Amino acid sequence: MNTELDELYQSVILDHSKRPRNFGEIADGAVQVHGDNPSCGDEIDLSVKFAADGAVEDVKFKGLGCAISQASASLMTMKLKGKSETEAREMLRAFHDLVTSEVADPPRMLGDLRLLAGVRKFPQRVKCAMLGWRAFEQALEQKAGGTVSTEEA
């Protein structure tokens, strides 16, 4: 990474970890998921309200953890609001690919989440960045009546 990109990465991560967006919970009609990363102690409680057509109507989180897990969850909630289920699943796959493999041209739909590409060099940090996304994936499964796993492996 170059110096300007490093500075932008640090600025965005610090901003979202200190002032997370969509921090809180949704009381009515939301799917609630608890996720944790036992290897480092990060935890997240995710609330997702789905519209009748499956779109993400609202999404909020509460949690404790490192700057990467909190910033990733904050950025995720901003990007997922209003997305159809298909778009949300596509974004989940794109973010997973971004932080686990070399992606030459990260999808523009990820926006500032693309700044987290560097975590792939640090396997323990990948789990931090993916914690909120895994919780969202579990919320999708719970909404569909599937099994919910609450631990980031």
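Read the figures in this text as sums done on the coordinates, not as results from a lab. All values derive from a computational prediction rather than experimental measurement. All Cβ positions, glycine included, derive from the backbone under ideal geometry; neighbour counts span all protein chains shown.
For the reader, a short list of remarks on this structure follows.
- Residue in region 90-99 that is under 25 Å from Phe50 (Cα atoms), in contact (Cβ under 8 Å) with a residue 24 or more places away in the chain and surrounded by fewer than 21 Cβ atoms within 10 Å (Cβ to Cβ) present: yes
- A single entry from Lys79, Lys49 fulfils the requirement of being charged (D, E, K, R) and touching a helix residue (DSSP H, G or I) at 6+ places or on another chain (Cβ under 8 Å): Lys79.
- For region 1-54, filtered to residues that are outside any strand (DSSP E or B) and of a type in the set (Ser, Thr, Tyr), the residue that is nearest to Gln142 (Cα to Cα) is Ser39.
- Matching option when the condition is touching a helix residue (DSSP H, G or I) at 6+ places or on another chain (Cβ under 9 Å) and either aromatic (Phe, Trp, Tyr) or not in a helix (DSSP H, G or I) (or both), among Val126, Val119, Val99, Val59: Val59
- Cβ-Cβ contacts under 6 Å between residues 6 or more apart (or on different chains), taken from a first residue in region 14-37 that is surrounded by fewer than 16 Cβ atoms within 10 Å (Cβ to Cβ) to a second residue that is hydroxyl-bearing (Ser, Thr, Tyr) and in a loop (DSSP other than H, G, I, E, B), are listed as His34/Thr150.
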